[in-house]
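Trainee: Below are the structure tokens for one structure; questions will follow.
The values are calculated or read from the model by the stated rules, or taken from the named source; none is laboratory data. Because the structure is a prediction, the values reported are computed rather than measured. Note that we place each Cβ from the backbone using ideal geometry, even for glycine, and neighbour counts take in every protein chain shown. All accessible areas refer to the heavy atoms of the entire protein, side chains included, with ligands and DNA or RNA removed. Shrake-Rupley method; radii C 1.70, N 1.55, O 1.52, S 1.80 Å.
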Amino acid sequence: ECGRISLPTPTVHLGDPITASCIISPNCSHLDPESQILWKLGTELQPGKRQRRLADGRQESTITVPHLNSPRVLLSCCVRWGTSLQILDQAEVQAGYPPTAPHDLSCLMNLTTNSLICRWEPGPDTHLSTHFTLKSFKSRGNCQTQEDSILDCVPNNGQNHCSIPRRHLLLYQNMGIWVEAENALGTNKSPQLCLIPMDVVKLEPPTLWALAPSPEVAPPQPGCLLLRWEPWKPSLYIEQKCELRHQPQLGETSWVLVGPLLSQTLQYELCGLLPSTAYALQMRCTRWPLPGQWSDWSPSLMLTTAQR
Amino acid sequence: ECGRISLPTPTVHLGDPITASCIISPNCSHLDPESQILWKLGTELQPGKRQRRLADGRQESTITVPHLNSPRVLLSCCVRWGTSLQILDQAEVQAGYPPTAPHDLSCLMNLTTNSLICRWEPGPDTHLSTHFTLKSFKSRGNCQTQEDSILDCVPNNGQNHCSIPRRHLLLYQNMGIWVEAENALGTNKSPQLCLIPMDVVKLEPPTLWALAPSPEVAPPQPGCLLLRWEPWKPSLYIEQKCELRHQPQLGETSWVLVGPLLSQTLQYELCGLLPSTAYALQMRCTRWPLPGQWSDWSPSLMLTTAQR
Amino acid sequence: PLGPTSSLPQSFLLKCLEQMRKVQADSTVLQERLCATHKLCHPEELVLLGHALGIPQPSLSGCSSQALQLTGCLRQLHSALVLYQGLLQALTGLPPELTPALETLQLDIGDFAINLWREMEELGVAPAVPPTQGAMPAFTSAFQRRAGGVLVASNLQSFLELAYRALRAFAKP
């Protein structure tokens, strides 16, 4: 071995100094053991080194880089050899920040994937490889006591959401959830959520239809529309309330909200609209009276009211 | 155990007969051991059964279904119990065909995925779960002698193609390849191919550009176009020949083929075209003089020839 | 047996030249990655280390234009490929971002060595005992593996240029 760099740590805080040493060994073939050791930071020769001969005859050079200002730096230990500069060893130094506490942790129970999907904001870039883990435990009461922990949920690389599968969940019991961030400079935790999976269920939107006039169904009055809707099939077992919103297709008038409405109606007459006007109608539902999250609005149903 | 059906085989040829027997045991609680055993095929009660009492007192009923004409049938062994018909055991019988020999096996060496991709025609539906496996071995000469076999390539479910990764291939040596099909009624093999992976290499199309007039490049004559092209970058190490085809964008005239052309040209004047006419131009290349497969045609380059 | 400068079968020669160009391209990719990710862009900066590590280089005396000799040259080319297979094997453990480039190079050199050996057998010029890799350098640190990668890739490029010229010379009847 001709030269060996040693570093106190391969990772430092951005802007902090770092001191490295390089020892060149006398039995490195073709190398003059008294050679002057030179340092390169990236491709730049670096001043400010101190060289001394050790008791066993090896030469040691020490250098302090006052401020490491870029996240990744290559430090090379070199010697002059004839007219060329020879690299004997090279070390990679990383600089960055410890993770801040992840925030805005929120979870939704998704009945399509049958999993609890949690999202969070990772916080500012630490410039270091930072791993996030969603941790959780089952609990009685308000998550003060931890019963049994649930398997860590590790998101795919670089993603800030993770899904806890149904088999790890008690849908109607409290669970404590938080996110842990870790990199070479430290770890940090988000505030803990305490939730019941079913109380954060988010349904898929209901399906909204126009009701075609038929012998049983009289055509709608001018300025009225005949509708019917059905909740999302997999959520039929859940008591829900819904909301309808409508706005003329043309022009800038904002949505008008109608609700609360039953989650299922075979026939509904919506009045108070402008006659012979094209309307966009959307609906959404939420678990109710038990807690839940509103579904997204359904795709728009385009209908035109009868003439006067 | 109240009743147990036994079948010679759970799978038979479509249209063949099948004989099953059901034994009801005397120690089945609440069951009159002398009960008459009835058979249901699907939901239909089935005539033609023979019942006898075994030496040990158990009752055995045997039934022969003359022709099994649907791929999947449920056979139930039942007894009357009060006014109801009770099912004691149920067996699933599958009917279909043994696999025919897979055919039209063809392979291409894909330099993007760096794998040998083979496709085949599975042959008619056997109505049974049939597994296909791509088998291959490395060989000298013309695949008469098998050197060492290559790992079986199992396609994703239901797919009729499989990719052998680069690390299992000797790109410039012969290999024998065939497809095996197997289901409960038998196995069958495709004819064996003997090929050298690089000799079935299929390149990606070249890139075709118009050459903008510049001080060095005089504008094209009327009825001519100035072009240049480059082969697909990852195939630069492969000697190739190319072909160009062109046709007026409007009208139905067929493609006109120009070739063979070098695989790389900084400047090419294509003449013999109609003046001030919009043309679509495409190019393709193939390994040459060594064997290879033509690439697909490149996307069309749209150019208009100068006015007279 | 083949005369000193008799030519090689055309198809075999074309394949050899194609494979050489492929290995050259693979080697260039490895050099570019080492330069991009670790700023090790100049083999001249690592000569001293190369000596210390004892990275062997193949002899191609039989392929030089002055003493072009088909059997001798083919044997030296094959031994050189076997040597480079060993050197590339010794580099295993390079960081993940370099592994695909190294694996492709290892596979292509392995293919090339097999093709050359089988053709030599068919031409009746293969030595009785296949060559062995010999002692390989021990790369004891991540940096030594990276530096070794730069040096081996660079030496391999020079070897391939010389071998390419030699084989092209055998193409002329």
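Trainee: Residue B:85 passes all but one of (1) at pLDDT 95 or above; (2) touching a strand residue (DSSP E or B) at 6+ places or on another chain (Cβ under 6 Å); which number fails?
Mentor: Condition (1) is where residue B:85 drops out.
Trainee: Of everything in the stretch A:103-143 that's assigned to a strand (DSSP E or B), of a type in the set (A, V, I, L, M) and closer than 19 Å to residue A:291 by Cα, which residue is most open to solvent (accessible area, probe 1.4 Å)?
Mentor: A:108
Trainee: Looking at (1) within 35 Å of the chain's Cα centre (by Cα); (2) surrounded by 14 or more Cβ atoms within 10 Å (Cβ to Cβ); (3) among the small types (Gly, Ala, Ser); (4) part of a loop (DSSP other than H, G, I, E, B), which is the only condition residue A:280 fails?
Mentor: The single condition residue A:280 does not satisfy is (4).
Trainee: So how many residues does the stretch A:100-157 have that are more than 20 Å from the chain's Cα centre (by Cα) and β-branched (Val, Ile, Thr)?
Mentor: 2
Trainee: In the stretch C:22-47, which residues are free of Cβ contacts under 8 Å to residues at least 24 places away in the same chain and either acidic (Asp, Glu) or within 13 Å of chain B (Cβ to nearest Cβ) (or both)?
Mentor: Result: C:25, C:32, C:44, C:45.
Trainee: In the stretch C:55-91, what count of residues is obtained for those that are small (Gly, Ala, Ser), over 21 Å from residue C:134 (Cα atoms) and assigned to a helix (DSSP H, G or I)?
Mentor: The first filter runs over the stretch C:55-91 and keeps only residues small (Gly, Ala, Ser), leaving C:59, C:61-62, C:64-65, C:67, C:72, C:79-80, C:86, C:90.
Subset that is over 21 Å from residue C:134 (Cα atoms): C:64-65, C:67.
Adding the requirement that they be assigned to a helix (DSSP H, G or I) leaves C:65, C:67.
The total comes to 2.
Trainee: So residue A:15 fits all but one of (1) more than 11 Å from every other protein chain (Cβ to nearest Cβ); (2) closer than 26 Å to residue C:139 by Cα; (3) open to solvent by less than 30 Å² (accessible area, probe 1.4 Å); (4) in contact with a Leu (Cβ under 8 Å, 6 or more places away or on another chain); what number is the exception?
Mentor: With (1) more than 11 Å from every other protein chain (Cβ to nearest Cβ); (2) closer than 26 Å to residue C:139 by Cα; (3) open to solvent by less than 30 Å² (accessible area, probe 1.4 Å); (4) in contact with a Leu (Cβ under 8 Å, 6 or more places away or on another chain) applied to residue A:15, the lone miss is (2).
Trainee: Let me ask you something else. Among (1) within 28 Å of residue C:36 (Cβ to Cβ); (2) open to solvent by less than 30 Å² (accessible area, probe 1.4 Å); (3) more than 14 Å from chain C (Cβ to nearest Cβ), which single condition is residue A:60 missing?
Mentor: (1)
Trainee: What is the one condition in (1) in a loop (DSSP other than H, G, I, E, B); (2) open to solvent by less than 30 Å² (accessible area, probe 1.4 Å); (3) more than 21 Å from residue A:114 (Cα to Cα) that residue A:306 does not satisfy?
Mentor: Failed condition: (2).
Trainee: Taking residue C:133 and the conditions (1) under 22 Å from residue C:26 (Cβ atoms); (2) within 14 Å of chain A (Cβ to nearest Cβ); (3) among the polar types (S, T, N, Q), which numbered condition does it fall short on, given that it satisfies the others?
Mentor: Condition (2) is where residue C:133 drops out.
Trainee: Follow-up question, since we're still on this one. Report whether or not residue C:94 is in a helix (DSSP H, G or I) and either within 14 Å of chain A (Cβ to nearest Cβ) or open to solvent by 40 Å² or more (accessible area, probe 1.4 Å) (or both).
Mentor: Answer is no for this residue.
Trainee: What are the pairs with Cβ atoms under 8 angstrom where one residue, in the stretch A:34-51, is within 12 Å of chain C (Cβ to nearest Cβ) and of a type in the set (Ser, Thr, Tyr) and the other, located anywhere, is open to solvent by less than 70 Å² (accessible area, probe 1.4 Å) and assigned to a strand (DSSP E or B)? Sequence gap at least six, or different chains.
Mentor: Note: pairs meeting the criteria are A:35/A:24; A:35/A:59; A:35/A:79.
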